[in-house]
Amino acid sequence: MSDTNQVPVTVLGLGMMGAALASAFVKNGNRTTVWNRSTEKADALVQQGAVLAPDVKDAIAASPVVVACVSTYDVLTELLSGAEDELRGKVVVNLTSGTPDEARSFAARAEEIGVRYLDGAVMAVPQLIGLEHALVFYAGSRELFAEHEELLKLLAGNSVHLGTDAGVAMIYDLGLLSLLWSTLAGYTHAVALVQAAGASAEAFTPFASTWLEHVISPALPQSAKEIDAGDFATEVASLDTNKAAIAHLVATNRQLGVENDFTAAIQALIERRVGQGFGAHSIASLVEAFKKS
Ligand SMILES: NC(=O)c1ccc[n+]([C@@H]2O[C@H](COP(=O)([O-])OP(=O)(O)OC[C@H]3O[C@@H](n4cnc5c(N)ncnc54)[C@H](OP(=O)(O)O)[C@@H]3O)[C@@H](O)[C@H]2O)c1
């Protein structure tokens, strides 16, 4: 039995994610107190050994470490209001998603009332919680993270402290979500295109997976180097080449009756940079097109 088993933990919020977090602690043998607005969501956890607290104050009082995971920061702020006495001196690890500014305001308020606060962003689905490769970003006190790293790794083997700015976990979270939405939107657009030409999603998808693995993913480290160096000279493909290629996609979308908005937005970025005289640059230079003055 490791020392992490000895740390009693409270989990506030037993939605899909909160229940998975609580379950990881229960499975490890930690004394786990849980609270949720809809109490029936605690039933399965109580059967596994968790203790259901009658209210938020009792839940907080039960453990030195409180992990919170509800739908929004506003909900959590509301839940914790009036529980300042119980919270004072506790460690609060907030795995609720929001904006960087919400995280910073929450951290400032936590400091005012004497809470030791870590903000976190779960980059995993509930089914991955507890696994080695599950990723959670943390922001806040480096010392506090180090003190509880072993406990937090029960939730995700890949638990990473990013910095002391309380907003940084949410920034990385939103960055990865931007990548997720644009990649999956690109995939669904691609499927709509091939379907319009009579192919099935299943026939196309193995090529999409290979393309992501062998072409797109390996291009990212090189793009990062170019962006950080501000040097977009390329021997791969210029924006001029991409401008010509995306015009083929726009024409084919129209011909096959496929929605063009998604492609048109990317085309506009490429054309803006080419129009500004950067046609010889690599596609990584589109980072400049996203910067507002
Ligand atoms: N699910 C995922 O894959 C995933 C991945 C990464 C991050 N997250 C983040 O984790 C957080 C929770 O997500 P989830 O998937 O667990 O959502 P969920 O299943 O919808 O659960 C939402 C939780 O918030 C509680 N809640 C909502 N409004 C409330 C209120 N007014 N008062 C008290 N409690 C309230 C719910 O209580 P009731 O049960 O009583 O409604 C429930 O515990 C979100 O910020 C989400 O972005 C989720």
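Take the conditions open to solvent by less than 40 Å² (accessible area, probe 1.4 Å), farther than 30 Å from ARG116 by Cβ and either touching a residue at least 24 places away in the same chain (Cβ under 8 Å) or touching a His at 6+ places or on another chain (Cβ under 7 Å) (or both) and apply them to ALA185. Does it pass? For ALA185, the condition - open to solvent by less than 40 Å² (accessible area, probe 1.4 Å), farther than 30 Å from ARG116 by Cβ and either touching a residue at least 24 places away in the same chain (Cβ under 8 Å) or touching a His at 6+ places or on another chain (Cβ under 7 Å) (or both) - is met. Return yes or no: is VAL115 more than 20 Å from TYR172 (Cβ to Cβ) and within 15 Å of the ligand (Cβ to nearest atom)? The answer is no for VAL115. Here the condition is being without any contact (Cβ under 8 Å) to a residue 24 or more places away in the chain and open to solvent by 30 Å² or more (accessible area, probe 1.4 Å); of GLU102, GLU132, GLU143, GLU86, it holds for GLU143 alone. Per the conditions (1) touching a residue at least 60 places away in the same chain (Cβ under 8 Å); (2) among the small types (Gly, Ala, Ser); (3) at positive phi, the sole criterion not satisfied by GLY29 is (1). The criterion of being modelled with pLDDT under 95 and of a type in the set (A, V, I, L, M) holds for MET1.
The values are calculated or read from the model by the stated rules, or taken from the named source; none is laboratory data. Bear in mind that the values here come from a model prediction, so they are computed numbers and not experimental data. Cβ coordinates were reconstructed from backbone atoms using ideal geometry, including for glycine residues, and neighbour counts include every protein chain displayed. Areas reflect the complete protein model, heavy atoms only, side chains present, ligands, DNA and RNA absent. Shrake-Rupley method; radii C 1.70, N 1.55, O 1.52, S 1.80 Å.
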